[in-house]
Amino acid sequence: MKTLTCTLLLGMLIQPAAAGWKFDHKTSIGPAQRPGVFHHLEGAGRKHIAVSDGTIAAIWEDDHSSDPQVFVAIKNPRDQQFSAMQMVSSGEEAYEPAITALGKRRFALAWEQDGAVYMRSFSNGQAGKPLLLSEHSASHVSLASSGEDFYAVWRQQQQRNWRLIVARLKINDTGTLSLLTRHPLEDRQYQHPVLYPSIAANSSGIMLAWEDRESGHTRLKYSFSDDKAGSFSSPQNLNEFFSNRNQYDKGSGVTRVSLAPFGEDEFIAAWMDKRRGGVGYGIYTAIGSEGSFGPNEKAHGEKGDQLPHYNPSTAGNRAGKFAVAWDDFRMGNADVWITTYNEDDEWSEDQSPAVASGSGEQAYPSIALDEHNNLHLIWLQRSSPDAPTRLWYSKGRFD
Amino acid sequence: MNMLSRLHFFTVLLCFMTWLPAPALAAPPRGYDFLAFDKALNKSAAEQKPMLLYFGRYGCTTCRKMHQEVFTDPALREELSSDFILAYVDTESGKRIRLPNGERTTEMAFAARNRILGTPTFIYFSTEQKPLFKRAGFQSIEQMKRYDEYVASGHYKNQTLKAFLGQS
């Protein structure tokens, strides 16, 4: 009996630590924390960080120069810190930026500026010439890349009509951007807004997801292209919705979808979903391939079931790894939480990185996965809800 | 116009109104002067009037029910419009607002910061722009009138809402 007890105890002692993300110390990005300065990571699809051949680039908006403008900073593989930030917008006000990696340590950046959508390349610490993407009042831009191709989607308003516009672009050796194609996702125009599109691309094609309000409540739609944005499939419902309580019920609310590619031909979508009733938004997901998505899955664990979750961000890599990050206040104040699939293809237990949790608020995460399964995380931190913000970065590895 | 023609006219009008698209953005009830939160807060301070802040959401079932069954009451509309500065926040909107600390944020982020779990949620503010109490979910015409009386008549200065409501 003693032998058995000792064996069990020894077994418990030498049991390996639970698998999870291990994050490095955090590194500050951008302007120092000071009164009256507020950063924002609120772009469509939440793509604020990207990695190209080991170089990490972060993009955000802040008002340290009095007006809201968009800034970028990079960290090369041997650097300990991020570079000095560079302002890439140039108008009176700029918001909601997005970034995607183009390979060879190059990036594409896009943002809303004075009611239009602009793009620039960024390589070797230099921003290329701005390219005006939109033709009418436009916002909510999102970017994606696959191989040599890269794409942008944004929403455009003309009088009372709304559309999603998709563009295919290329970059030459000098960093000059060219617009190859630009056309509406659909021929029809909507009289209700289309909002916050997210775009992802891999070798199988281009996936779009967005918020649609045509049905009297918000539904998430998706559409797929297998011919480099030449044409897109008929929009399909992404979120499962329920509407049978009374004559006023059109369905449960959803918002802010984030898409990422993983593996050779798959996609992960995550969004905020109110189907749980009076406890706020849950983080729900779906995995897609061959132009369609499978059933909805709740990503967060039971410990987060009785409170709301916000700001989902997705990331994936060609090795087949993917992750979802968000923030919630289950520990009192907002903290960043991350989950991924475990070996049984089920969502793992939620994990809050030590660098992005604790006193004060840590929220608005954005993530990217490199080809070595490193998870690159940026987020906003503030000591109290009214305090100025600070932008942080940390790299995690799944052990 | 005879009775039949009039009936036909109103039938056509009703069909036309039904066909018309709903307001393009998540919207407060019709017939009220709801303002953005930052504008309402400034107006409340300037006029020293209490503020009623309504958190809604596009497609919100209970909001739609209140718009149809509560906010359509003429007496309630008159009371709320005269006694309060009205503010509306769409909890899923990216609309930009300016907070008292100088921060530019969105209506969605503002709702999250206030930990609004569901819609509709109403927060009543004093004439000094201090939050007094919060009510979430469906509120009847009578309930809305009682909250109005509690705040607009200054009862909040010397008794709790629970005590005030217990008197009736």
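If the condition is being closer than 22 Å to A:Gly277 by Cα, in a helix (DSSP H, G or I) and touching a residue at least 24 places away in the same chain (Cβ under 8 Å), then the stretch B:41-68 contributes B:Thr62, B:Cys63, B:Lys65, B:Met66, B:His67. The condition of being over 23 Å from the mean Cα position of the chain (by Cα) and within 26 Å of B:Asp90 (Cα to Cα) holds for only one of A:Gly230, A:Gly175, A:Gly216, that being A:Gly216. In the set A:Ala108, A:Ala58, A:Ala19, only one residue is touching a residue at least 60 places away in the same chain (Cβ under 8 Å), buried (at least 22 other Cβ atoms within 10 Å of the Cβ), closer than 24 Å to A:Ser352 by Cα and among the small types (Gly, Ala, Ser); that residue is A:Ala58. Applying the set (1) surrounded by 16 or more Cβ atoms within 10 Å (Cβ to Cβ); (2) assigned to a loop (DSSP other than H, G, I, E, B); (3) more than 11 Å from chain A (Cβ to nearest Cβ) to B:Asp38 leaves exactly one unmet item: (2). Residues in the stretch B:95-116: is at least one of a type in the set (Ser, Thr, Tyr) and in contact (Cβ under 8 Å) with a residue 24 or more places away in the chain? So far as the stretch B:95-116 goes, no, none of its residues is of a type in the set (Ser, Thr, Tyr) and in contact (Cβ under 8 Å) with a residue 24 or more places away in the chain. Out of all the residues in the stretch B:71-88, is one or more within 12 Å of chain A (Cβ to nearest Cβ) and either surrounded by fewer than 19 Cβ atoms within 10 Å (Cβ to Cβ) or within 16 Å of the chain's Cα centre (by Cα) (or both)? Scanning the stretch B:71-88 turns up no residue that is within 12 Å of chain A (Cβ to nearest Cβ) and either surrounded by fewer than 19 Cβ atoms within 10 Å (Cβ to Cβ) or within 16 Å of the chain's Cα centre (by Cα) (or both). Within the stretch B:108-143, being within 12 Å of chain A (Cβ to nearest Cβ) and surrounded by fewer than 15 Cβ atoms within 10 Å (Cβ to Cβ) holds for B:Arg115, B:Gly137, B:Phe138.
The condition (being of a type in the set (Lys, Arg) and either within 17 Å of A:Ala201 (Cα to Cα) or modelled with pLDDT under 95 (or both)) is satisfied by just one residue among A:Arg120, A:Arg155, A:Arg160: A:Arg160.
Regarding B:Gly94, is this residue within 12 Å of another protein chain (Cβ to nearest Cβ), of a type outside the set (Phe, Trp, Tyr), surrounded by 16 or more Cβ atoms within 10 Å (Cβ to Cβ) and in contact with a Lys or Arg (Cβ under 7 Å, 6 or more places away or on another chain)? Spelling it out, it is not the case that B:Gly94 is within 12 Å of another protein chain (Cβ to nearest Cβ), of a type outside the set (Phe, Trp, Tyr), surrounded by 16 or more Cβ atoms within 10 Å (Cβ to Cβ) and in contact with a Lys or Arg (Cβ under 7 Å, 6 or more places away or on another chain). Can you spot a residue in the stretch A:361-372 that is touching a residue at least 24 places away in the same chain (Cβ under 8 Å), over 17 Å from the mean Cα position of the chain (by Cα) and away from every other protein chain (no Cβ under 14 Å)? Yes, the stretch A:361-372 has at least one match.
Among the residues making up the stretch B:50-66, those that are surrounded by 19 or more Cβ atoms within 10 Å (Cβ to Cβ) and not hydrophobic (A, V, I, L, M, F, W, C) are B:Pro50, B:Tyr54, B:Gly56, B:Arg57, B:Tyr58, B:Gly59, B:Thr61, B:Thr62, B:Arg64.
The values are calculated or read from the model by the stated rules, or taken from the named source; none is laboratory data. Since the model is a prediction, treat every value here as computed from it, not as a measurement. A quick note on method: Cβ atoms are made from the backbone with ideal geometry, for glycine too, and the neighbour counts reach across all protein chains shown.
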